[in-house]
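Structure first, then comments.
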Amino acid sequence: SDTAEIIMILSETCNFRCEYCYEEYAPAVMSEEVEDGVLFFVNDLVKTYSLKKVVISWFGGEPTLYKNRVINFMKKLSETLPQDIQIRGYMTTNGYLLDKESFLDYYHAGINGYQITLDGFERTHDKLRKLKNGAPTWKVVFGNLKEISRIDSDDIDVTLRINYNEDVMDDIFEFIDFAKEEFGNRFRIHVHPISKLGKEDRECICNYAFA
């Protein structure tokens with residue numbers, strides 16, 4: 001392959017407390033020394049294997065809690081790699097802090113691919129994906145997605161993820177139609193069953209297979 005793919009996890013900290021999350025929310029944050037080490041490592045990979053493309057995927061926790069760190073890393077990477085190397089940035093985010101201004105800041109830093117989750121309509125999403133203080137999140141995330149869908153750019157790649165259990169399944173097809181109507185053809189839709197991961201007391205399980 002002529003591509004290096006790196007997953008960056010700055011921290012497991014998150015502003016959400018989703019019912020099915022397996023994270024421990026460890027408060028540790030990647031040090032600047034480790035970050036510099038990653039930059040050196042990527043540059044060495046490119047040189048050693050004559051790579052043409054570098055893909056950086058931001059994961060967490062919630063990466064948008066560290067907006068400046070993410071953007072600064074992407075800028076440093078662009079400055080240190082040879083000009084002919086293609087750099088692509090992706091982010092898995094809950095979308096709560098991804099308003100239009102922040103989205104454009106990330107976009108100009110080279111991040112144009114996203115996975116953002118809405119677990120159905122407000123009724124089911126807010127049961128499953130609350131803020132850590134218990135507050136609902138659907139309206140904010142939906143509003144941010146609506147704004148992103150209106151941005152006029154051909155190279156924005158957003159996957160709308162729907163995690164489903166029996167409750168979400170009750171109106172999932174209606175929600176998919178709703179999403180298509182609200183967002184047009186800007187986003188692809190990915191559906192995935194909720195699994196019992198990590199902790200034994202997680203009871204949010206879906207036994208349906210989605211055809």
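The values are calculated or read from the model by the stated rules, or taken from the named source; none is laboratory data. Everything numeric here is computed off the predicted structure, so don't read it as measured data. Quick reminder, even Gly has a Cβ in these numbers, built from the backbone with ideal geometry, and neighbours come from all protein chains shown. Surface accessibility is based on the protein's heavy atoms, side chains included, excluding ligands, DNA and RNA. Shrake-Rupley method; radii C 1.70, N 1.55, O 1.52, S 1.80 Å.
Farthest toward the positive end of the dipole of the chain, out of S195, I111, Q83, is the Cα of Q83, where the dipole comes from beta carbon charges about the Cα centre.
Calculated mean residue ellipticity, 222 nm, the chain: -11000 deg cm²/dmol, from DSSP H runs (n ≥ 4) at -39500 (n - 2.57) each, averaged per residue and rounded to 500.
Kirkwood analysis of the stretch 16-101, using all unique Cα-Cα pairs, places the hydrodynamic radius at 14.6 Å.
Please give the Cα centre distance for the stretch 42-87 versus the stretch 1-32, rounded to the nearest Å. Measuring centre to centre over Cα atoms gives 16 Å. With 22 Å as the cut-off, how large is the P(r) tail for the chain, expressed as percent of Cα-Cα pairs? Tail of P(r) above 22 Å: 53 percent of Cα pairs.
Percent of Cα-Cα pairs per 10 Å bin, from 0 to the last occupied bin, for the stretch 65-166, please list those. Over the stretch 65-166, the share of Cα pairs per 10 Å bin runs 14, 42, 30, 11, 3, 0 percent.
Here the accessible area of the chain is 50 percent carbon and sulfur, with a 1.4 angstrom probe and all protein chains present.
What is the extension gain from N72 to E32, computed as 0.36 nm multiplied by their sequence separation minus the C-alpha to C-alpha distance, in nm to one decimal?
Residue separation times 0.36 nm, minus the Cα-Cα distance, leaves 13.3 nm.
In this simple spin-label approximation, T48 and E122 carry label points 7 Å from Cα along the Cα→Cβ vector, and these lie 5.3 nm apart. What the chain shows is 53 Å² of accessible area per residue, with the surface traced by a 1.4 Å probe over protein heavy atoms.
Placing R0 at 35 angstrom, the Cβ-Cβ distance between E147 and D2 gives a FRET efficiency of 0.50 after rounding to 0.05.
State to the nearest 20 debye the size of the charge dipole of the stretch 5-132 about its Cα centre, where the only charges are +1 on K and R beta carbons and -1 on D and E beta carbons.
320 debye
Stretched out fully, how many nm does the piece from N185 to D84 gain, at 0.36 nm a residue minus the Cα gap? Gain on extension, N185 to D84, equals 33.2 nm.
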